[in-house]
Amino acid sequence: MANNSPRRPPSGIKVIVVGAGFAGLAAAIECDRKGHSVTLFDKVDNIEEITRIGDIISFDPNGSVAFERWPGVVDQMEAIARQTKHIDLYHHQGKFVTRQDFSHEKAWGRRINGHRGQLHNIIYRHAVDRGIDIRLGKRVEDYFEQDSPPQAGVVVNGERIAADVVIAAEGVRSRGRKIVLGFDENPKSSGYAVYRAWFPADRVRNNPVIKHLVENGDTHQGFIGPDIHFLASTIKNGTEVNWVFTHIDDGNIEESWQFPGKPEEALKYLEGWCDVVHELVKATPDGRLIDHKLVYRDPLPTFISPKRRIALIGDSAHPFLPTSIQGASQSIEDGVVLATCLELSGRQNIPRALKAYEKLRYARVHRAQANGPKMRERWHKADWNEVWKKPEMIHLIRETWLLNFDAEKDAYDRFSSVLEELERDEQQTKPRL
């Protein structure tokens, strides 16, 4: 049964969402809020296949502002999130460099950093409580769109299922990319991979080298070295530990994008690093470490299909490097904006809604994406002679235009002007007789 979550009057717009990750769930919830009728498909048979993934994910204020509008969600997330207001940054050999404080960002909204699976489960349960039609164990084999009757849809187990609009939120390997681009493409290696671990703090608490990390509540620290950055957190009042580090990927992109990691293999990348880093890796229990390839896609010329009834969102449209700290938040923004554009356009103007969505999102997303490689280079290629003189050189990129932003408000405020701009663009591209 649906709960009493606020919802606009029915719009008559039928929406199919493909993918029950953060992007797909956000799009489904936002479409439901706006009065659209939503059906969500995902290939997993059990949502625990997604929620059991144990590593950290971050939502900045520009992402979490959407959660504030979903009754009860943000408070549940906050309760299991890391409670820190700064990050301490160290040279990879252990010397303290600088503390970057985030206290001023509270005025922009909430920073939610926590267990990926647990946060996902909160959002998934909210979608279920809203009564959204979620169909698990349904692999989407293909996408289609047509002019007569005007509709788009998906093929599931050989059956064509139609709607007014389809939102592809399957990630970097989305089949929706083919109908948008007009051809198949293969992912490229970014040249980097990430080790990710999450485990109870018991194995840390009695280790004299690292026990200080769990003795005083939650902590957040980073260690910066040549072509590697290592980030560690303690969460839930120091009862759980997570660490991640980005390293050069010496594997083959044709391999699985994610596979189990071994602490002894991870340590090979960390020769010459400080004891704190080594002991954290050694403390990682078997089965609690994954090695995750950072897959890259060339920037797309468009996020929407030729007939403007299928839209890509999240990693399907624009994969982010972890150093941007914006991939998750931008995927939430995508769903918010697309649902709003559908509301403002109405069922008779679906193509116009998708054009407006793309116009509102395209430049902002690519500007945010650029922070990923910029931040990685700031850390991995740090000139330490200069850093010791000016430690803030290695601070995280935290910009007001990006973080102090409400995608829903922006879409409502700019929708009319964006339509005018699109109309001018169309007039300019029309052939002259």
**Item:** the chain - percent of accessible surface contributed by carbon and sulfur, probe 1.4 Å
**Value:** 47
**Asked** What's the tally of Lys pairs in region 339-433 whose alpha-carbon atoms lie under 19 angstrom apart, where the two lysines are 8 or more places apart or on different chains?
**Response** 7
**Item:** Listed residues Asn113, Asn349, Asn371, most fluctuating in the chain (Gaussian network, C-alpha, under 10 Å)
**Value:** Asn349
**Asked** Among all the aspartates and glutamates, which ones have a C-alpha under 17 Å from Lys236's C-alpha, if same-chain residues fewer than 8 places away are not counted?
**Response** Asp55, Asp75, Glu78, Asp202, Glu215, Asp218
**Complete:** Scoring the chain by relative contact order with C-alpha pairs under 8 Å, at least six apart, yields a percentage of 20
**GluC sites (Glu not before Pro) restricted to DSSP loop in region 316-403 with at most 16 other C-beta within 10 Å** = Glu399
**Item:** Proximal lysines to Lys138, defined as alpha-carbon separation beneath 21 angstrom and excluding residues fewer than eight positions away on the same chain
**Value:** Lys14, Lys43, Lys178
**Asked** With axes computed from alpha carbons, what is the tilt in degrees of helix 327-345 against the longest principal axis of the chain, rounded to the nearest 10 within 0 to 90?
**Response** 20
**Request:** Can you tell me the 0 to 90 degree angle between the C-alpha axis of helix 407-429 and the longest principal axis of the chain, rounded to 10?
**Result:** 60
**Item:** Candidate aspartates and glutamates - alpha carbon under 12 Å from Lys106, same-chain residues fewer than 8 apart omitted
**Value:** Asp60
**Request:** Out of all DSSP beta bridges with both ends in the chain, state the antiparallel percent to the nearest 5.
**Result:** 75
**Request:** Any chance you could list the semi-axes, whole Å, largest first, of the equivalent ellipsoid that the Cα gyration tensor gives for the chain, using √(5λ)?
**Result:** 39, 23, 21
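The values are calculated or read from the model by the stated rules, or taken from the named source; none is laboratory data. Predicted model only: the values in this text are computed from it and were never measured. Don't worry about glycine lacking a Cβ; one is built from the backbone with ideal geometry, like all the others, and counts go over all protein chains shown. Protein only, heavy atoms only, side chains kept; ligands, DNA and RNA dropped before computing areas. Shrake-Rupley method; radii C 1.70, N 1.55, O 1.52, S 1.80 Å.
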